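No lab work stands behind these numbers, since they all come straight from the coordinates. The structure displayed is predicted, hence computed values, not measured ones. As a convention, Cβ positions derive from the backbone with ideal geometry for all residues, glycine included, and neighbour counts pool all protein chains shown.
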Amino acid sequence: MTEAPAQSEAPTPAGPPVRRGRASAGAGRLAALLVSPTLLVLTVVVLYPTLMALKESLYGAKGLDPATGFISDTEPFVGLGNYAEIFGDAGARFWNAFWNTTFFTVVTVGLETVIGVAMALIMHKAFKGRGLVRAGILVPWAVPTAISGLLWRWIFNSDGVANALLGQQILWTTEGVHAKVAVIVAEVWKTAPFIGLLVLAGLQVIPTEVYEAARMDGARAARRFWHITLPLVKPALLVAVLFRCMDALRMFDLPYILVGAQKHSVETLSMLAQNEASNVRFGPASAYAVILFLYVFLIALAFVRLLGADLVGGGRAGRRRRTEVTA
Amino acid sequence: MTTRTTSRAAVITAAGLLLTACGSSDGGSGQAGPPSFEGRGPITYVAGKDTTGTVQPMLDRWNAAHPKEKVTFIQLPTDADAQRQQMIQNAETKSDAYTVLSLDVVWTSEFAAHRWIDRLPDKRFPLGKMLKPVVETARYRGGLYAVPASSDGGMLYYRTDLLKKAGVAAPPRTWDEMTAACAEVRKLPEAKGMSCYAGQFQKYEGLTVNFAEAVNSAGGTVADAAGKPDVDTPEARKGLDFLVRSFRDGTIPKKAITYQEEDGRQAFQSGKVLFLRNWPYVYSLAQKSGVKGKFAVAPLPGLNGPGSSSLGGHNMAVSTTAKNKATALDFIEFMTNEKNTRTLLEDASVAPPYAALYDDRQLIGQYPYLPVLKESIVRAVPRPRVVPYGDVTAAVQQEAYAALNGDKNSAQALRDLQKALSKAVAR
């Protein structure tokens, strides 16, 4: 989703494939021809909706004519009025949702990374019943989010399993820190396996000779993990974390189903957009969506720039580093 | 050369798509003039998923009698919000896929104001035989926009065995009587650990229902018949105070703040609650549980006498953008006639809109709660009939929840609610 705008800018100037150098003009044309279906699809399914959302966000809600009692047919053009409203009158609610979204993203992705890597290490080990453990770890990821929301709602019910285990009477779905905790637990339970899966894929391409060499040199397990495993799975891990960040920033269904709509403790930006849209105010809803889009886009950009997540280069850097280590 | 032309063509096609798409989304001047119900032919009936299996046989009977005007049943998700969303989508895209819509009673104003549904001719339907508050839910600004197909009202479920043992002769008619009855029952050894009262207090539509009932039962209103909010009154405050006080002194258990219908039912069936406010559907389920034969229903209690319930149920309307509207009217007449609503009551325990059915001996034999339900519906006050119902119910939930949690005192909550409602309605 976020990479798309960067890619779809490409078609507008006619020449870039040719300018790449080395390749001949004919090859460039062929490349353009081959890429054009993809660009066309991206334009239709990504660029067009994005632009439409931008345009829609400049229109207000349809008004009620007090004389006839009917809603007018056209949406009034309000310019940046929707944005002014979001940062003005609706500011408290917006910033609360903004911080909730950020908080959930940082905490859940942090926990998921730690747990996910641990899961991957376990799944990677050769032992009896490994297949069973692997399948078991992946089950939560296979459960649809809405279903897991319902599932956890039973667990966090006032007479539910969570309270029975804790021996407490916590009302999880009421406002407060406990509601946040409930969402975080359910989210981490569901998505840590995703990170585990991607990291496992990264682990499997690390050649065993590297470890053998390290062991010969007398490196202990902890040292092998920090200096061999982590650097070598870093490309896979970063991709996993980036994907999870974007998912978490768009979080909607879990807090909505588990705790409920309009609960300030767990309200996220997506929930604000949904709330506006469900009340037939598509302009303000689009404005929220655009702000969320920009936020996700900035985070993704920062990720790529600061951490060097290797999304475009096809793992070239990873391979280079690997040769360095082996050497 | 060819390749370049092709790539350019691709870009142009994409741009063209963009432009045409932009153009089409701006259209829609809406239809004008009074609705004319013309055209006969196949139509669709759109409603939430039918879990009882009673709707399709009814449609089959219609289809057998009208081979040229067949009705197809389009089932939407069980979740009311999802149904509303799909119906709005159908209306906004001016599609003729949906003909007859089964609307929740609180959507009528919104659908009518947006002209998503047609105004219907009053004289076509036997509205005079229906319960008055039920018919009111189908009107917007005096005009009839839908026909009542079913209704629903809240009732007070109570434990007959415990009341009898504690020497309480009759079910409570006021809140004070209810608390007094509770105090008596709690002295019994078998009532140890029991809570007195529960309803639906989670922050969702059920809270709006329970808040409105408390306010109406104390003589207040949330919004008047014209949809104008008037909730910052001493009467409304007495209603809200009853709930707030009950939460504080434990009459309502603390955890009831998370209760929806099902949680309360479970608590009642497992003997944890003495009095429960809930809908009629609970009756037959409780008959199969541990409290079988040990409970009965009564009208909701109020401040100085019996209280007033909120109204549930569904109305049938015709989508503005549909075809074959003459068939649609006939079909609505068929679905909402006394015979078919009776069938629905017998087979699926759906409360009918017709007054006479509630007094039917045979039906009362099957559903002993019918007389109480009738009383409940006759005295019921519909939830605020306003166009931006979504905003109104959200504001009610927001402030009522804050008051029940003790984050705000009830005076402040009602003041803020009045402000929020005025803003929502003026929008």
Dividing the mean separation of Cα pairs under 8 Å (6+ apart) by the residue count of chain A yields a relative contact order in percent of 24
Percent antiparallel among DSSP beta bridges confined to the protein assembly as shown, rounded to 5, stands at 70
Magnitude of the Cβ-charge dipole (Lys and Arg +1, Asp and Glu -1) of chain B about the Cα centre, nearest 20 debye, reported as 280
Residue B:165 neighbourhood, Cβ < 14 Å, K/R = +1, D/E = -1, net charge +3
Protection proxy (average C-beta count within 10 Å per residue), highest first, orders B:110-118, B:193-201, B:38-46 as B:110-118, B:193-201, B:38-46
So for R0 = 51 Å, FRET eff. of residue B:165-residue A:147 from the Cβ-Cβ r, to 0.05, ends up at 0.70
Ranking B:226, B:311, B:56 by how far each Cα lies towards the positive end of the charge dipole of chain B (+1 on Lys and Arg Cβ, -1 on Asp and Glu Cβ), the top one is B:311
The FRET efficiency for residue B:78 and residue A:121, from their Cβ-Cβ distance with R0 = 45 Å and rounded to 0.05, is 0.55
Yeah, the stretch B:37-140 with a ≥ b ≥ c from its alpha-carbon gyration tensor (a/c under 1.5 is rounded, else prolate when a/b outruns b/c, oblate otherwise) is rounded
Listed with the fewest Cβ neighbours within 10 Å leading, B:177, A:209 appear as A:209, B:177
Per-residue ellipticity at 222 nm attributable to helices in chain B (runs of n ≥ 4 DSSP H, -39500 (n - 2.57) apiece, nearest 500 deg cm²/dmol) works out to -14000 deg cm²/dmol
About its Cα centre, the stretch B:284-427 carries a charge dipole, from +1 on Lys and Arg Cβ atoms and -1 on Asp and Glu Cβ atoms, whose size in debye to the nearest 20 is 280
Taking the alpha-carbon centre of each part, the distance from the stretch A:130-151 to the stretch B:87-125 in Å is 41
Computed for the stretch A:87-155: size of charge dipole around the Cα centre, +1 on C-beta of each Lys and Arg, -1 on C-beta of each Asp and Glu, debye to nearest 20, value 440
Here the stretch B:135-149 yields Karplus 3J(HN,Hα) values (6.51, -1.76, 1.60; θ = phi - 60°; whole Hz; Gly and Pro given as x) of 5, 4, 5, 9, 9, 9, 6, x, x, 8, 10, 7, 10, x, 10
Row for the protein assembly as shown, column shape: gyration tensor on C-alpha, a ≥ b ≥ c, rounded if a/c < 1.5 i.e. under 1.5, prolate if a/b over b/c, else oblate; value oblate
Exposure-ranked with fewest Cβ neighbours within 10 Å first, B:258, B:320 stand as B:320, B:258
By the Kirkwood definition, with r running over pairs of different Cα atoms, chain A has a hydrodynamic radius in Å of 23.3
Restricting to Cα pairs under 8 Å and 6 or more apart, the percent relative contact order of chain B works out to 25
Count of lysine pairs, the stretch A:76-326, Cα-Cα under 29 Å, sep. 8 or more residues or interchain, comes to 8
Each residue of B:402-409 has, on average, a number of other protein chain C-beta atoms within 10 Å of its C-beta equal to 1
Per-residue Cβ contact counts at 10 Å, fewest first, order A:119, B:316 as A:119, B:316
Across A:52, A:251, A:216, the residue with the highest GNM fluctuation in chain A (Cα network, 10 Å cutoff) is A:216
If each K or R counts +1 and each D or E counts -1, the residues other than residue A:82 whose Cβ falls under 10 Å of its Cβ total -2
Sorting A:136, A:80, A:282 by the position of each Cα along the dipole of the stretch A:76-326 (Lys, Arg +1; Asp, Glu -1; all at Cβ), the one nearest the positive end of that ordering is A:136
The answer for residue A:90, listing residues at least 5 apart or on another chain whose modeled amide H is closer than 5 Å to its amide H, is none
Lys and Arg at +1, Asp and Glu at -1: neighbours of residue B:315 with Cβ under 15 Å from its Cβ sum to 0
The set of residues whose placed amide H lies less than 5 Å from the amide H of residue B:156, leaving out same-chain residues fewer than 5 positions away, is B:298, B:300
Placing +1 on each Lys and Arg Cβ and -1 on each Asp and Glu Cβ in chain B, then taking the dipole about the Cα centre, the residue among B:394, B:133, B:405 whose Cα reaches farthest towards the positive end is B:405
For residue B:374, counting only aspartates and glutamates whose alpha-carbon sits under 15 Å away and dropping same-chain residues fewer than eight positions off, the answer is B:152, B:359, B:360
Among B:313, B:154, B:365, the residue with the largest mean-square fluctuation in a Gaussian network model of chain B built from Cα contacts under 10 Å is B:365
Reduced to Cα centres, the span from the stretch A:238-264 to the stretch B:176-204 in Å works out to 39
